[in-house]
Amino acid sequence: MNKKTGSIIVFLLCGCSLFAQKQQVKNQPYGDYKLYHFGITIGLNFQDMLLTNTGLVGEDGQTWYATIPNYSPGFTVGLIADLYLNPFMNLRFTPTLSFGDKNFEFVEQDSDERFKTAVRSNYLTAPLDVKFRSMRLNNYRPYVFAGVYTALDLGRKKDEVLLMKPMDYGLSIGLGCDFYLPIIKVIPEIRFCFGLGDIFEKDRSDLTDLSLLKYPNALSKGRSRMIMITFNFE
């Protein structure tokens, strides 16, 4: 068997394999055409903030800068309500609870003195997204989505070193893939949330230890960021 004949055989085998794949029996062939359906989502979140430092020199002559050097994974759980728009678009409402921490580190400019503190934020988030789906291939179907959200922080405590405002809003984008099983769909998804408002609380009249004021005074603005890695079951 010469090289040319071998190449033809390989090509035909690949073509047959693809053809066989296209003929695979589909699970839930009409599941995507329901007017509406529901589900649950569960996974991890990683909370972050886009910080703006004031660069102001305090009364003690020190200048502090804040960063978030690492991320602690938190827990996310929620519900899914999905409305069919057309074969390639759905409208989705996914209220979720996200429990997590943001770890701040303050560094003094000259002495390199450091101060660490954590802020616990338990967000009740209400995203409204449009889901754009590709053509279905056998029992999977990739998609992307984009939308807006509002969030309520249920975990804020006064008299902490840093305090965040209770309300936030922003934009979210993400992607995932529907995997069709005989009874349900299992959907790995990643979501990126970008807060648009300044959630850093500047009025700290609640802070009883005035020696800690230099840390919130080092910040002028903070916008939230979050990554969610979840599994949806629909």
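Which one of these is within 20 Å of the chain's Cα centre (by Cα), in contact (Cβ under 8 Å) with a residue 24 or more places away in the chain and more than 30 Å from residue 114 (Cβ to Cβ): 199, 187?
187
Please verify whether segment 106-128 includes one or more residues that are touching a helix residue (DSSP H, G or I) at 6+ places or on another chain (Cβ under 8 Å) and either modelled with pLDDT under 95 or surrounded by 15 or more Cβ atoms within 10 Å (Cβ to Cβ) (or both).
Yes, segment 106-128 contains at least one residue that is touching a helix residue (DSSP H, G or I) at 6+ places or on another chain (Cβ under 8 Å) and either modelled with pLDDT under 95 or surrounded by 15 or more Cβ atoms within 10 Å (Cβ to Cβ) (or both).
State whether one or more residues within segment 78-93 are in contact with a Pro (Cβ under 8 Å, 6 or more places away or on another chain) and of a type in the set (Ser, Thr, Tyr).
No, that holds for no residue.
Hey, can you tell me all the residues within segment 38-63 that are surrounded by 14 or more Cβ atoms within 10 Å (Cβ to Cβ), assigned to a strand (DSSP E or B) and in contact with a Gly (Cβ under 8 Å, 6 or more places away or on another chain)?
Across segment 38-63, the qualifying residues are 40, 41, 44, 45, 46, 47, 49, 51, 52.
Among the residues of segment 209-223, is there at least one that is under 25 Å from residue 93 (Cα atoms), in contact (Cβ under 8 Å) with a residue 12 or more places away in the chain and either surrounded by fewer than 18 Cβ atoms within 10 Å (Cβ to Cβ) or not aromatic (Phe, Trp, Tyr) (or both)?
Checked against the condition, which is being under 25 Å from residue 93 (Cα atoms), in contact (Cβ under 8 Å) with a residue 12 or more places away in the chain and either surrounded by fewer than 18 Cβ atoms within 10 Å (Cβ to Cβ) or not aromatic (Phe, Trp, Tyr) (or both), segment 209-223 yields at least one hit.
For residues that are surrounded by 20 or more Cβ atoms within 10 Å (Cβ to Cβ), at pLDDT 95 or above and among the aliphatic types (A, V, I, L, M), tally how many sit in segment 137-190.
2
Does residue 157 satisfy the condition of being more than 20 Å from the chain's Cα centre (by Cα), within 21 Å of residue 137 (Cα to Cα) and of a type in the set (D, E, K, R)?
Spelling it out, it is not the case that residue 157 is more than 20 Å from the chain's Cα centre (by Cα), within 21 Å of residue 137 (Cα to Cα) and of a type in the set (D, E, K, R).
For the structure I just gave you, tell me whether residue 94 is at pLDDT 95 or above and more than 20 Å from residue 134 (Cα to Cα).
It is true that residue 94 is at pLDDT 95 or above and more than 20 Å from residue 134 (Cα to Cα).
Which residues, taken from segment 64-77, are crowded, with 17+ Cβ neighbours inside 10 Å and in contact (Cβ under 8 Å) with a residue 60 or more places away in the chain?
The answer is 64, 66, 76.
Mind checking which residues of segment 101-151 are touching a strand residue (DSSP E or B) at 6+ places or on another chain (Cβ under 9 Å), of a type in the set (A, V, I, L, M) and within 24 Å of residue 234 (Cα to Cα)?
124, 126, 128, 130, 135, 144, 146, 148, 151
The values are calculated or read from the model by the stated rules, or taken from the named source; none is laboratory data. Computed from a predicted model, the values in this text were never measured in an experiment. Backbone-built Cβ (ideal geometry, glycine too); neighbour counts: all protein chains shown.
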